[in-house]
Each structure stands twice: as C-alpha cells, then as structure tokens.
Amino acid sequence: MKRENKLYVVIPCYNEEEVLNETTKRLTEKMNSLIKKKVISKDSKVMYVNDGSKDSTWELIKKIHKQNDLFTGISLSRNRGHQNALVAGLLTARKYADVVISMDADLQDDINAMDKMLEKYDEGCDIVYGVRSARKTDTWFKRTTAESFYKFMDKMGVEIVYNHADYRLTSKRVLDEFSNFHEVNLFLRGIFPLIGFKTDKVYYERAERFAGESKYPLKKMLNFAWDGITSFSTEPIRLITLFGGFLTFISILTIIIMLIVKLCGVSITRLSFGIVALWILGSINLLALGIVGEYVGKVYAETKARPRFIISENLNENEK
Ligand code: UDP
Ligand code: MG
C-alpha cells in the first residue's frame, strides 16, 4: 500500500485579517479533498505564520486553530518580513511533516496546483516549483517590474526559476539540507535551486488578491531585488573591475595617440594632456577599487559558509 504523506502548508501572514477566513474556508475544502483521495494523511495541517501583524491576525489564527484541527500556527515576536516568516514556518514544519508546501495568505497562487505538486512528489521529486504561466490579472506595472526582475537576476548570475515566487513544494530532506544555510540575508528563491535534487515545475495562473492590499509596495520590492542580487552575486563588483580596466586601457591609448600626433607636429594644448592624465588616474582608481572588491567578494562568500556539496544518494549506506 502507498504510504500517505503528511503535508504541512506553510503560510506567512502579515496583517491579513481580511483574507484569513476565506483562505481557511478554501483550504479546508482542498485539504479535505486531498485527505479523502488519500493523497495526504489525516494529520496533515495548514500552518499560519503570524509575522508580527498589527491587526487581529494572530487572534484570528488562534480562533481558527481552536475550531478546526486542520489548522495550526506560530507567531513571530515582531515583523521580520515575508522571507524570514517563511523560513520560520518551513523550519518549524519540517519537524512534523514529510512534505511542505509554502504559499501566500491571499491565495493568489492557485491552490489546485497542489494536486499536481504532490503527484510529482510521489514520482520522486524533492522540490516542485509553482510557476506563473500568465499574469493577466496583475497590473501592467507589477507584471513588467516583476518580469524584468527575473531577467535582471539572471543577467547578474543568480540562478532562479523564471516567474516562480515562493509557491513551492519541498520534501523534508530538502528542508533538512536547507537548515544548513545559516545566512541572515535570505533570498529563498536563490537558495532552493542551489540545494539541487530532483526538481520539476507546475504551471498555474495567478489570480487577483480577493481582499486586502498587497503587502509588497514598490519600495519593498526594490529592497527585495537588491537583497537578492547582493546575497547571491558578486557580479556588480566584477562589472566595476571590468569597467575600470576598460577605462584605463582607453585613457592610456588616448595619451599614446596624442603623443604620436604631437610628434608628427600637430599642436596639442597642455590642458588636453592634463585632462587625459586625470582620466588615467581616475580609471586606475576604479580598477583598484574593483580589485579590492574582488577580495571582499571572496570574504563575503566565505562568511556565508554555505554547504559545499549535498549528497543525494550513497550506495555504501545500504551495505552496512
Ligand atoms: N507578508 C509577510 N510579512 C511581510 C509582508 C508580507 O509575512 O512583512 C506575507 C503576506 O501576508 C502574504 C505574503 O507575504 O501572505 C505575500 O504578500 P502579498 O500578497 O502582499 O505580496 P504580492 O502578492 O502583492 O507580491
Ligand atoms: Mg499576494
């Protein structure tokens, strides 16, 4: 007989009193149908993570937990932001669950994709990424900024899954490996591809928020993108080095050409030589800054102390 998986659905909530009742209703139906189909075990749960909400979110979560044992919750001591709330939830849920799915409280990400995610898990996938196939309901601004974000990250050398946010299935073993990443500046979308194992994608259409407002205004989005780049890539430092090298080359070339031209008898003012000398000094400065930066980049990679490898299978273990 197939073993039923104990599923935990982790949902970070920040000032979500307007959506929680509806979210709970929809998820109750979904979870019950999955339990009925024997896709997940009866003791599976939805775990709300209260991220230091200022409204009655936590009271509501406690009430829901009392009324319905499909629901449980944890509360952070203060607002720590979406990514940290998610980590708190994932690391707590891994103690109880075989498999965890993370999603947002507003259910913009289609919960019906959970069936397919769990199917892929049963087929042996350890990570299943939910990917937005269409963003018809997002505003033009949100869609364009979000899509440019994924492209820019890719250019900066950060490996992320295009159009995947944090709607994702992860097995317990992936979360156990994830717990070895101790960095404070967390950018989950970059870390899970680093962990590896067998992965797959499930496509869904993103809906509109059914109530409440987005907790991700432009300022938070920019911060998030900046965090993503600076936590995963030393590409900006490399760009400075390259730019400095290029300018040094150009300015030295310019002064050589000017000297040759002068030797050929064309008059060049002293001021021009002075200006080019300034260029040379400026560009060497930039180059030097870039080189120092390269070392800082190495130090930065070391301080993260990320695991150097993760073993997915060891044939020797079965032979004991
Ligand atoms: N969220 C959080 N802490 C924060 C901001 C947001 O836990 O400081 C949660 C929020 O409750 C929601 C999820 O992160 O469950 C995504 O937020 P939202 O739906 O507002 O973002 P958007 O979909 O507009 O990008
Ligand atoms: Mg949302």
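Does at least one position in segment 179-198 carry a residue that is touching a residue at least 60 places away in the same chain (Cβ under 8 Å) and assigned to a strand (DSSP E or B)?
For segment 179-198, residues touching a residue at least 60 places away in the same chain (Cβ under 8 Å) and assigned to a strand (DSSP E or B): absent.
Run Asn21 past the list (1) away from ligand 2 (no atom under 16 Å from the Cβ); (2) outside any helix (DSSP H, G or I) and report the number of the one that doesn't hold.
Every listed condition holds for Asn21 apart from (2).
Could you pull out the residue among Val266, Val299 that is over 30 Å from Ser231 (Cβ atoms), surrounded by fewer than 13 Cβ atoms within 10 Å (Cβ to Cβ) and β-branched (Val, Ile, Thr)?
Only one candidate qualifies: Val266.
Residues are listed down the side, and each one gets a yes or a no for (1) more than 13 Å from the chain's Cα centre (by Cα); (2) crowded, with 19+ Cβ neighbours inside 10 Å; (3) among the small types (Gly, Ala, Ser):
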site: Ser133; (1), (2), (3): yes, no, yes
site: Ile160; (1), (2), (3): no, yes, no
site: Tyr167; (1), (2), (3): no, yes, no
site: Thr170; (1), (2), (3): yes, yes, no
site: Gly190; (1), (2), (3): no, yes, yes
site: Gly196; (1), (2), (3): yes, no, yes
site: Glu213; (1), (2), (3): yes, no, no
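Which condition number does Arg26 fail, the rest of (1) touching a residue at least 60 places away in the same chain (Cβ under 8 Å); (2) surrounded by 21 or more Cβ atoms within 10 Å (Cβ to Cβ); (3) within 16 Å of ligand 2 (Cβ to nearest atom) being met?
(2)
Of the residues that sit in segment 29-55 and are within 16 Å of ligand 2 (Cβ to nearest atom) and farther than 21 Å from Ala207 by Cα, which one is most open to solvent (accessible area, probe 1.4 Å)?
It comes out as Ser53.
So, of the residues in segment 97-115 that are among the acidic types (Asp, Glu) and near ligand 1 (Cβ under 9 Å from one of its atoms), which turns out to be surrounded by the fewest Cβ atoms within 10 Å (Cβ to Cβ)?
The selected residue is Asp104.
Quick one: is Val49 assigned to a strand (DSSP E or B), closer than 21 Å to Ser179 by Cα and touching a residue at least 40 places away in the same chain (Cβ under 8 Å)?
Here the answer is yes, as Val49 does meet what is asked.
So which residues in segment 91-125 are of a type in the set (S, T, N, Q) and either more than 20 Å from the chain's Cα centre (by Cα) or within 16 Å of ligand 2 (Cβ to nearest atom) (or both), if there are any at all?
Ser102, Gln108, Asn112
So for segment 306-317 (the condition being of a type in the set (Lys, Arg), surrounded by 12 or more Cβ atoms within 10 Å (Cβ to Cβ) and not in a loop (DSSP other than H, G, I, E, B)), does at least one residue qualify?
no
Report, ordered by the first and then the second residue, all pairs with beta carbons closer than 7 Å, sequence separation of six or more or different chains, a first member in segment 275-296 that is touching a residue at least 40 places away in the same chain (Cβ under 8 Å), and a second member that is in a helix (DSSP H, G or I) and open to solvent by 80 Å² or more (accessible area, probe 1.4 Å).
Qualifying pairs under 7 Å: Leu286/Phe243.
Is it the case, given these coordinates, that Phe210 is assigned to a loop (DSSP other than H, G, I, E, B), within 16 Å of ligand 2 (Cβ to nearest atom) and not basic (Lys, Arg)?
yes
Checking the conditions here, which among Val39, Val9 is β-branched (Val, Ile, Thr), under 20 Å from Asp176 (Cβ atoms) and more than 10 Å from ligand 1 (Cβ to nearest atom)?
Val9
Ile257 passes all but one of (1) without any contact (Cβ under 8 Å) to a residue 40 or more places away in the chain; (2) open to solvent by less than 70 Å² (accessible area, probe 1.4 Å); (3) of a type outside the set (Phe, Trp, Tyr); which number fails?
(2)
Identify, please: which residue in segment 10-33 is under 16 Å from Ala113 (Cα atoms) and touching a helix residue (DSSP H, G or I) at 6+ places or on another chain (Cβ under 7 Å) and is, among those, modelled with the highest pLDDT?
Looking at residues that are under 16 Å from Ala113 (Cα atoms) and touching a helix residue (DSSP H, G or I) at 6+ places or on another chain (Cβ under 7 Å), I get Val10.
For segment 101-156, give me each residue that is at pLDDT 90 or above, among the charged types (D, E, K, R) and in a helix (DSSP H, G or I).
Listed by number, the residues that qualify are Asp115, Lys116, Glu119, Lys120, Asp122.
Condition test on Ile61, is it part of a helix (DSSP H, G or I), touching a Gly at 6+ places or on another chain (Cβ under 7 Å) and either open to solvent by less than 40 Å² (accessible area, probe 1.4 Å) or closer than 30 Å to Asp227 by Cα (or both)?
Judged against the criteria, Ile61 is a match.
The values are calculated or read from the model by the stated rules, or taken from the named source; none is laboratory data. None of the values given here were measured: they were computed from a predicted structure. Reconstructed Cβ throughout: ideal geometry from the backbone, glycine too, with neighbour counts over all protein chains shown. Note: accessible area is taken over every heavy atom of the protein model, side chains too, but ligands, DNA and RNA are not part of it. Shrake-Rupley method; radii C 1.70, N 1.55, O 1.52, S 1.80 Å.
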